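The values are calculated or read from the model by the stated rules, or taken from the named source; none is laboratory data. Owing to the predicted nature of the structure, the values given are computational and were not obtained by experimental measurement. Cβ placement follows ideal geometry from the backbone for every residue including glycine, while neighbour counts extend to all protein chains displayed. With ligands, DNA and RNA removed, areas are computed over all heavy atoms of the protein, side chains included. Shrake-Rupley method; radii C 1.70, N 1.55, O 1.52, S 1.80 Å.
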Amino acid sequence: MRYILSLIVENKHGVLAKVAQVVTGRGYNISTLTVGPSERADTSRMIITFDSDEKIIEQIIKQMNKLVDVIKIFLIDDNEKVERELLLVRISRKKDNEESIERIVKIFRGKIVDVTMKSFVIEITGASRKIDSFVENIKSYGIQDLMRTGPLALPRFDMRTNTKEQIK
Amino acid sequence: MSKLTGAQIIVEALKREGVEVIFGYPGGQAIPIFDALYDSPEIRVILTRHEQAAVHAADGYARTTGKPGVCLVTSGPGATNTITGLATANFDSVPVICLCGQVPTTMIGIDAFQEADITGMANSVTKHNYLVHKIEELAETIKNSFFIANTGRPGAVLIDIPKDVSVNKYEFNYDFEVNIRGYKPHIEGHLNQIKKAVQLIEAAERPVAIVGGGAIISGASDEIIEFISKCDIPVTATLNGLGCVAFDSPYFLGMHGMHGTIQANKAIQQSDLIIALGSRFDDRATGKLSTFAPNAKIIHMDIDSASISKNVEVKVPVVGDLKNILKQMLPLLNQKKNEKWMSIITELKAVKHEILRDQKRLTSIEVMEVLNSKVDSNTIIATDVGQHQMWTALYYNFMKPRTLLTSGGLGTMGYGFPAAIGAQLVNTDKPVVCITGDGSFQMNIQELATAVIERLPVIIVIMNNGYLGMVRQWQDLFFDKRYSSTCLMNCDHRDKECNGDYNSCMKFIPDFVKVAEAYSAKGFRVTNKLQLSEAFDKAFANRSGPFIIDIITEREENVWPMVPAGASLDEIMRGGTVS
């Protein structure tokens, strides 16, 4: 099952390495990792997703929580979240596929952001599942390069009261 | 306010933290810090002969005092040599501060001479680490480091200090409160959880308490004794929990686990409630997890919430400092007698394993019995890793907390002697005995120089069987006696099988008595009981420097009892004969 962890961390040297070390050192695998600025200049937010089980996720959360540079960590509730991922994909352009590609892009509310004689570059945002489904649909047209950001996710409610001390 | 150099700031900060001794080894990028220490008679600097030993010595100092041990090394190889020491300390939750010199900030990343990414390397062996980028951060970093090292679950903290940071100047200010927003350790136990624990304890018919290293770190020995006496609960210890409850307590079962006593392992397997007090259910302590204490519910009291339900499923977790938790819990508990269970325990204690005596050479029990007759309850024991470590755990009469220094988690050979040095430095009035093997001792033998120069009367008891004994035991039991690379005497074991004719081998390699002489230390070889007693008398009377007792022991004695790796605690091998 996919789990989405949200971390608020110190915006400091070496923090990403420390977080990654906790995961790799214990033999777990990160599915996606997104790091960027948060609402405060001195902190960063990480969204890390794992394809894992509950027991392992509990251990990961506890171990990450022990890191001094991790200020807050919580599991994002799959039913109470807003999730967005960005996809960029370059697809081969052929005479007979233009129309159907445009139609699929439109259905997924994506954009064709660049065109050359030989390719389209398409941009799609949405929940990861939507992007999975778009990729599935577009696969047969010949994907040249594909890049996904991994999801960003915010809970629908303020988690600020959920401080480090309360999460065990 | 006058400005100080970074190095002077470090020294002032260490003084404010009450640091009285630093174990160190200098080098290019650390010279400014050593230079500042040259002007500070308040802090004694002990020059070890290897950086790994400096960390172990700081570790030994910390385990006996409960205060952070401090070491100081240079960049590059100096720093990388500390990794084993840091991992050892951190694994056993020992507060150690390691200060490393680093190349100047302007040179970081250019593959400069003696540059190493030590914070990157230290991530998985420290509780936390810092690279100090600016002198403005230096004092706060040091204060935070001491706080992190010795609160919550203690551990090792490394501070990497580039040379320009230690030579630049800045105002020194240390009068501020530590406030780290990502680090707020739990101290008090949750009352509801404690009440749930009380219910289980009062309902239990066959409870067993397990004390771990956390019990000793927390200083909870008195509360634990009150608890087990009040509710009539037999108690077993992990390796690092030894000393928390005296060996002669009617409740004490000895150590449990792979080389635990029969009564401890059987009691655990028969129990209906395990109360873990600052222990983390290490695989060497639990045996096969799926059959560990199959009928027991588990209460787990620990300061580290990540230790809870990591290996075993816990019914009632209580997160907090053990001493606090027990203080909160004791008034809620009713006095209780478990006569039926205690009589079963008494029966279990009657079951014996093989104890080897009266062989050609001295055996482990004979050495430990003589030692037990010579020590007092304040004696500090340091061990290395291997058979002698397990024999110490099984046979030595531990009376008090903080009297055993041993690498439990990481299992670091070479730990014992430098740890004993660190312990002896601060425990000047107590005898410090390092029990070691001929393999382990050679891993940090160079520290004889340190001990001689500092006039530390550490007694080094070498149980010398000419083998890497514990590995040889596994080869004996599980690898058809194929003693691959475990004999320390035989030169040509590759070409032919050892015929047991030890006379064809080196007699002593090395001759530890001559090694002692070479370092201006005292050395004494022992081959029988009479000499053994005499040697210990001489050693305990000697206060001027290290004293080696090289005991020639039975070559192929095994540690019994033994639960093979991966087996259930029920499956106890007791040796050839049951006596």
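Evaluate the following for residue B:379: is it open to solvent by less than 10 Å² (accessible area, probe 1.4 Å) and touching a Pro at 6+ places or on another chain (Cβ under 7 Å)?
Yes: the conditions hold for residue B:379.
Please go through region B:185-205 and give me each residue that is more than 14 Å from chain A (Cβ to nearest Cβ) and either open to solvent by less than 40 Å² (accessible area, probe 1.4 Å) or under 30 Å from residue B:81 (Cβ atoms) (or both), ordered by number.
Once the filter is applied, which keeps residues that are more than 14 Å from chain A (Cβ to nearest Cβ) and either open to solvent by less than 40 Å² (accessible area, probe 1.4 Å) or under 30 Å from residue B:81 (Cβ atoms) (or both), region B:185-205 yields B:194, B:197, B:198, B:200, B:201, B:204.
Considering every residue within region B:223-244, establish whether at least one is touching a residue at least 12 places away in the same chain (Cβ under 8 Å) and within 14 Å of chain A (Cβ to nearest Cβ). So that I can check it myself, show each step before the final result.
First pass over region B:223-244, keeping only residues touching a residue at least 12 places away in the same chain (Cβ under 8 Å): B:223-244.
Retained after the next criterion (residues that are within 14 Å of chain A (Cβ to nearest Cβ)): none.
No, every residue in region B:223-244 fails to be touching a residue at least 12 places away in the same chain (Cβ under 8 Å) and within 14 Å of chain A (Cβ to nearest Cβ).
Among the residues of region B:1-20, write down those that are among the hydrophobic types (A, V, I, L, M, F, W, C) and open to solvent by 10 Å² or more (accessible area, probe 1.4 Å).
Going through region B:1-20, the residues among the hydrophobic types (A, V, I, L, M, F, W, C) turn out to be B:1, B:4, B:7, B:9-11, B:13-14, B:19.
Across region B:1-20, the qualifying residues are B:1, B:4, B:19.
Looking at region B:96-183, what strands (runs of 3 or more DSSP E) fall wholly within it and have at least 2 residues that are more than 18 Å from residue B:75 (Cα to Cα) and within 13 Å of chain A (Cβ to nearest Cβ)?
Details: elements: B:96-102, B:128-131, B:156-162, B:169-171.
Correct list: empty, since no element meets the threshold.
Yes or no: region A:62-77 includes at least one residue that is open to solvent by 30 Å² or more (accessible area, probe 1.4 Å), farther than 26 Å from residue B:126 by Cβ and more than 14 Å from chain B (Cβ to nearest Cβ).
Taking every residue of region A:62-77 in turn, at least one turns out to be open to solvent by 30 Å² or more (accessible area, probe 1.4 Å), farther than 26 Å from residue B:126 by Cβ and more than 14 Å from chain B (Cβ to nearest Cβ).
Here is a yes/no grid of residues against (1) within 24 Å of residue B:572 (Cα to Cα); (2) in contact (Cβ under 8 Å) with a residue 40 or more places away in the chain; (3) under 27 Å from the mean Cα position of the chain (by Cα):
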residue: B:297; (1), (2), (3): yes, yes, no
residue: B:311; (1), (2), (3): yes, no, yes
residue: B:327; (1), (2), (3): no, yes, yes
residue: B:339; (1), (2), (3): no, yes, no
residue: B:343; (1), (2), (3): yes, no, no
residue: B:360; (1), (2), (3): no, yes, no
residue: B:364; (1), (2), (3): yes, yes, yes
residue: B:384; (1), (2), (3): no, yes, yes
residue: B:391; (1), (2), (3): yes, yes, yes
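Which condition number does residue A:51 fail, the rest of (1) of a type outside the set (A, V, I, L, M, F, W, C); (2) under 26 Å from residue B:133 (Cα atoms); (3) touching a residue at least 12 places away in the same chain (Cβ under 8 Å); (4) away from chain B (no Cβ under 14 Å) being met?
So residue A:51 meets the others, but not (2).
Cβ contacts < 7 Å: first residue part of a strand (DSSP E or B), restricted to region A:145-157; second residue basic (Lys, Arg) and surrounded by 11 or more Cβ atoms within 10 Å (Cβ to Cβ), any location; separation 6+ or different chain. Result?
Hits for this filter: A:145/A:90; A:152/A:84; A:153/A:81; A:154/A:81; A:155/A:81.
Just a yes or no: is a residue in region B:469-487 open to solvent by 10 Å² or more (accessible area, probe 1.4 Å), out of contact with any Cys (no Cβ under 6 Å at 6 or more places or on another chain) and under 30 Å from residue B:47 (Cβ atoms)?
no
Among the residues of region B:34-56, is any within 16 Å of residue B:444 (Cβ to Cβ), over 17 Å from the mean Cα position of the chain (by Cα), open to solvent by 10 Å² or more (accessible area, probe 1.4 Å) and of a type in the set (Phe, Trp, Tyr)?
Checked against the condition, which is being within 16 Å of residue B:444 (Cβ to Cβ), over 17 Å from the mean Cα position of the chain (by Cα), open to solvent by 10 Å² or more (accessible area, probe 1.4 Å) and of a type in the set (Phe, Trp, Tyr), region B:34-56 yields no hits at all.
Taking the options A:110, A:142, name whichever one is touching a residue at least 12 places away in the same chain (Cβ under 8 Å) and on the phi > 0 side of the Ramachandran plot.
A:142
Output yes when any residue across region B:386-393 is under 24 Å from residue B:57 (Cβ atoms) and either in a loop (DSSP other than H, G, I, E, B) or outside the structural domain of residue B:421 (by TED's automatic domain parsing) (or both), and no when none is.
yes
Output the residue which, of all residues in region A:153-168 that are within 14 Å of chain B (Cβ to nearest Cβ) and open to solvent by 60 Å² or more (accessible area, probe 1.4 Å), is modelled with the lowest pLDDT.
A:168
Take the residues in region A:129-152 that are of a type in the set (Gly, Ala, Ser) and at pLDDT 95 or above; name whichever of them is surrounded by the most Cβ atoms within 10 Å (Cβ to Cβ).
The first filter runs over region A:129-152 and keeps only residues of a type in the set (Gly, Ala, Ser), leaving A:133, A:140, A:142, A:150.
Still in the running and at pLDDT 95 or above: A:133, A:150.
Details: A:133: 13, A:150: 18.
Across region A:129-152, the extreme among qualifying residues is A:150.
Would you confirm, using the coordinates I've provided, whether residue B:402 is assigned to a loop (DSSP other than H, G, I, E, B), crowded, with 17+ Cβ neighbours inside 10 Å, among the charged types (D, E, K, R) and not assigned by TED's automatic domain parsing to the domain that holds residue B:253?
Spelling it out, residue B:402 is indeed assigned to a loop (DSSP other than H, G, I, E, B), crowded, with 17+ Cβ neighbours inside 10 Å, among the charged types (D, E, K, R) and not assigned by TED's automatic domain parsing to the domain that holds residue B:253.
Listed here are the residues, each with its yes/no results for (1) more than 17 Å from residue B:213 (Cα to Cα); (2) in the same structural domain as residue B:253 (by TED's automatic domain parsing); (3) of a type in the set (A, V, I, L, M, F, W, C).
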| site | (1), (2), (3) |
| --- | --- |
| B:341 | yes, yes, yes |
| B:380 | no, no, yes |
| B:383 | no, no, no |
| B:406 | no, no, no |
| B:421 | yes, no, yes |
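Only residues that are more than 14 Å from every other protein chain (Cβ to nearest Cβ), hydroxyl-bearing (Ser, Thr, Tyr) and open to solvent by 30 Å² or more (accessible area, probe 1.4 Å): list them for region A:4-47, please.
A:31, A:32
May I ask you to list the residues in region B:173-184 that are open to solvent by less than 80 Å² (accessible area, probe 1.4 Å) and in contact with a Lys or Arg (Cβ under 8 Å, 6 or more places away or on another chain)?
Hits for region B:173-184 are B:174, B:176, B:178, B:182.
For a quick check of your reading of the model, give me the residue pairs whose first member lies in region B:395-424 and is of a type in the set (Phe, Trp, Tyr), whose second is open to solvent by 10 Å² or more (accessible area, probe 1.4 Å) and in a helix (DSSP H, G or I), with beta-carbon atoms closer than 7 Å and at least 6 apart or on different chains.
From residues that are of a type in the set (Phe, Trp, Tyr), the pairs are B:395/B:365; B:396/B:372.
Applying the selection to region A:83-101, what residues are modelled with pLDDT of 95 or more and open to solvent by 70 Å² or more (accessible area, probe 1.4 Å)?
Scanning region A:83-101 gives A:84, A:88, A:90.
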